[in-house]
Amino acid sequence: MEPEPMDFTSPEGDPVSWEVEAEPWQNLFERRVTHLASGTKLVQRRVPRAEGRDREYLYDLLENEARIGARLLTRLRRAYPPELPRLIGYSLDEEEPFVLLYDYRGEPVSRHFGALLISEQRTLQASLFRAIRILSACDVVHRRVEPSTVRWDGTTVQLTDLSHATLIGTRRLRIGEAPYASPAQRSGEGLAATADDLWGAGMVIYRTVTGREIADLPDLSATPALQPLKDIFSDSPPSAREVLARLRVPDPMQTLAVERDLGLEEGRAAFDRAREARRDPVTAAEESSTRIQPVPPEPEDRGRALPWWARWLPLAVLLALLIVLWVVTR
């Protein structure tokens, strides 16, 4: 492999230039590279020119992966968890834009369907629900928790591909298919919530532990290892923290501080400005003209109710003057 230059922007918004060795593209969208100076293994995810021309939404997915990756770094950089992919940088202004991540850990969980030991089954559950719990603490919903995005190295899960992730409380979109996407997510009803990820995680765990395919709700009664998931597919599912408690696993947020990193916040702001600048100016102008303008706040004393005595005071003064005038002119 011949070394090649790679220029990109760090999550903090700084320009970076590396020499790397790149393996052949594993598919149209992804390849592994090695940073020559450190030997660090990386994953480069891109949108090929031809694919982007035919499917422009791929650019939005790639940009979203960079944005959510920067958000997680902002919140978790001091103790970044192994359960989540870690962003190195991005380059979104090229003909074939890309994001750069640390190399994935483990193998796709699909290679372990029905083959885990009992101890591994419990460890898999604990690690995947740790990932969901950490995302929820960062106000993020992954929205595509399924076998293609969950990897397993024998001790820890890694939940990859943040391209469809969104923030808790945003409007749900119709994303995913049964059985891994929740019914509410498939129908696009309500607001995105951690319950969507819990549903997907439960389905992935069921498929991996039992090896059985399913089109609807799974039967957990015959599998003791899956009892902590007993109500995860109900209308009132538990939280990720409650599921971890059932598995006798400490809440990871007791040791992972969710905080702000000002440098990364500035990088995220620079990323949003660059993305806005690349948008079609006509479209941006149309959106601006149709956007509801905020109503300016009224002065603090406008419309404030006066006390009763203040409302009657002028009349009382006038009445007193009349009485004085009548006494004087008698």
Original post:
On alpha-carbon atoms, Rg over Rh for segment 86-137 using Kirkwood Rh?
Top reply: 1.15
Original post:
Which net charge results for the neighbourhood of M253, defined as the other residues with beta-carbon distances under 9 angstrom from its beta-carbon, given Lys and Arg at +1 and Asp and Glu at -1?
Top reply: +1
Original post:
Rounded to the nearest 10 Å², what accessible area does S119 show when all protein chains are kept and the probe is 1.4 Å?
Top reply: 80
Subject >> Span per principal axis, largest first, for the Cα atoms of segment 66-201 (Å) >> reply: 46, 35, 30
Original post:
Among rounded, prolate and oblate, which fits segment 1-99 when a ≥ b ≥ c are the square roots of the eigenvalues of its C-alpha gyration tensor, a/c under 1.5 means rounded, and a/b larger than b/c means prolate?
Top reply: oblate
Subject >> trypsin sites (Lys or Arg not before Pro) restricted to segment 151-245 and DSSP loop, no more than 15 other C-beta within 10 Å >> reply: R174, R212, K230
Subject >> Neighbour-limited loop hits for trypsin sites (Lys or Arg not before Pro), segment 1-78 (at most 10 other Cβ within 10 Å; DSSP other than H, G, I, E, B) >> reply: none
**OP:** Residues in segment 147-185, backbone N under 17 Å from the label point at E213 (7 Å along the Cα-to-beta-carbon vector): list them, ranges by number please.
**Re:** 147-148, 177-181
Original post:
Mind checking the dipole of segment 156-235: about its Cα centre, +1 per Lys or Arg Cβ, -1 per Asp or Glu Cβ, Debye to the nearest 20?
Top reply: 100
Original post:
Spin-label point model (7 Å from Cα, Cβ direction): what's the D153 to E189 distance in nm?
Top reply: 4.1
Original post:
Based on the Cβ-Cβ distance of L173 and L322, what FRET efficiency does E = 1/(1 + (r/R0)^6) give at R0 = 56 Å, to the nearest 0.05?
Top reply: 0.15
Subject >> Sparse-neighbour loop sites [GluC sites (Glu not before Pro); segment 25-74; at most 13 other C-beta within 10 Å; DSSP] >> reply: E56
**OP:** Amide H neighbours of L191 under 5 Å, at least 5 residues apart or on other chains, H built in the peptide plane: list them.
**Re:** R172
Original post:
Can you list the residues, at least 5 places off or on another chain, whose amide H is less than 5 Å from the amide H of V141, using H built in the peptide plane?
Top reply: T166, L167, I168
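The values are calculated or read from the model by the stated rules, or taken from the named source; none is laboratory data. Computed from a predicted model, the values in this text were never measured in an experiment. Cβ: placed from backbone, ideal geometry, glycine included. Neighbour counts: every protein chain shown. Remember, those area values only see protein heavy atoms, side chains included, never the ligands or the DNA or RNA. Shrake-Rupley method; radii C 1.70, N 1.55, O 1.52, S 1.80 Å.
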